[in-house]
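Here is the structure we will look at.
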Amino acid sequence: MVLSMERWIGKVAVVTGASKGIGAAISERLVDEGLQVVGVARNKQLLDALVKELAGKNGKFYPLVADISKEQDILEAFDWIKNNLGAVHILVNNAGVGNPSSVLDGNVGDWLNILNVNVIGLCTATREAVKIMKEHNIDGHIIHINSMLGHFVLGIPGLEVYTASKHAVTALSQAMRKHMGNSKRRIKFTSISPGATDTDFIEQEVRDMIKMDSSVMLRAEDVADSVVYALSTPPHVQVSFQFPALALHRVRKTPLNIW
Ligand SMILES: NC(=O)c1ccc[n+]([C@@H]2O[C@H](COP(=O)([O-])OP(=O)(O)OC[C@H]3O[C@@H](n4cnc5c(N)ncnc54)[C@H](OP(=O)(O)O)[C@@H]3O)[C@@H](O)[C@H]2O)c1
């Protein structure tokens, strides 16, 4: 199999949750590869900083302020893309929240936010991207940044709703892949499920609980490499699931070695 990013050069990739962490690393990598990347997030300052950082690279970074938990924001973002860039070839559904909020003593507002961003926002962005891909006869690629917790239940207190939201992402990936298998358009669906990754996402409280520090975690760039690998495969090859779990191999002597 020959891996190549050449067919994506100059094409449009939308990355949600691009302002920091894994989304910023994916955006940077895709701009390096020569794509036009639309980075969606709420924090304008962080997006603007990325614009500066990525200026002069092979591709281009377009910042777009939008809240993925709001349908209207997503519709406006895709309208902007259609009007200014023409189409969408790749969507990376990366925006995610997972602040600990236990089913035993958490609050509905937190749970709704987790489900709205991780599940409903992902579905809405997928719907809009596929609509544009179909209108323009594009054999595009949708990539969900899922999680190990989309496949396993670790029982970490406070992460019950987050775990449920990522299991939903696994089901949605499989369902969409089956759906697309019956359609004329060859739109690929890939679900990437990282283990613990060193970003702001894992709060110190959780790091202490799972006994992990930065030295044994994945880097955001490792996940970006997985995205590029999936995109680099030839059109007839579908990478359905990827589990970047390097860090977990490195800590196999710890109690977390249950994969
Ligand atoms: N870090 C890990 O250990 C790990 C492991 C497995 C999977 N993941 C998954 O990887 C993805 C990225 O996580 P990360 O580690 O990079 O986390 P992060 O550093 O906290 O970044 C999260 C990103 O999501 C964006 N976001 C959150 N709520 C949003 C909203 N309502 N609308 C638009 N954007 C929103 C944030 O941007 P704004 O705040 O600017 O809106 C930010 O860019 C998530 O889906 C997460 O579940 C992470």
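Structural remarks
- Unique residue being more than 17 Å from the chain's Cα centre (by Cα) and either at pLDDT below 95 or within 14 Å of the ligand (Cβ to nearest atom) (or both) when the list is Pro100, Pro63: Pro100
- Only a single criterion out of (1) among the aliphatic types (A, V, I, L, M); (2) under 14 Å from the mean Cα position of the chain (by Cα); (3) within 18 Å of Leu104 (Cβ to Cβ) is not satisfied by Val161, namely (2).
- Residue count for the range 193-238, restricted to those that are β-branched (Val, Ile, Thr) and more than 19 Å from Asn93 (Cβ to Cβ): 5.
- Residues in the range 219-238 that are not small (Gly, Ala, Ser) and not in a loop (DSSP other than H, G, I, E, B): Glu221, Asp222, Val223, Asp225, Val227, Val228, Tyr229, Leu231.
- Those residues of the range 142-159 which are surrounded by 18 or more Cβ atoms within 10 Å (Cβ to Cβ) and of a type in the set (Val, Ile, Thr), in sequence order: Ile142, Ile143, Ile145
- Comparison of His179, His167, His144 shows that the only residue that is part of a helix (DSSP H, G or I), under 26 Å from Gly109 (Cα atoms) and not acidic (Asp, Glu) is His167.
- Once the range 1-24 is narrowed to residues that are in contact with a helix residue (DSSP H, G or I) (Cβ under 8 Å, 6 or more places away or on another chain) and either in a helix (DSSP H, G or I) or open to solvent by 50 Å² or more (accessible area, probe 1.4 Å) (or both), the residue that is farthest from the ligand (Cβ to nearest atom) is Leu3.
- The residues listed here are Val169, Val216; of these, the one that is more than 9 Å from the ligand (Cβ to nearest atom) and surrounded by 13 or more Cβ atoms within 10 Å (Cβ to Cβ) is Val216.
- Of all residues making up the range 182-210, the number that are away from the ligand (no atom under 12 Å from the Cβ) and under 17 Å from His144 (Cβ atoms): 4
- Residue within the range 110-124 that is closer than 14 Å to Ala18 by Cβ and in contact (Cβ under 8 Å) with a residue 60 or more places away in the chain present: yes
The values are calculated or read from the model by the stated rules, or taken from the named source; none is laboratory data. Quantities reported herein were computed from a predicted structural model and do not represent experimental measurements. Every residue, glycine as well, gets a Cβ built from its backbone with ideal geometry; the counts of neighbours run over all protein chains shown. Ligands, DNA and RNA are excluded from the accessible area calculation, which covers all protein heavy atoms including side chains. Shrake-Rupley method; radii C 1.70, N 1.55, O 1.52, S 1.80 Å.
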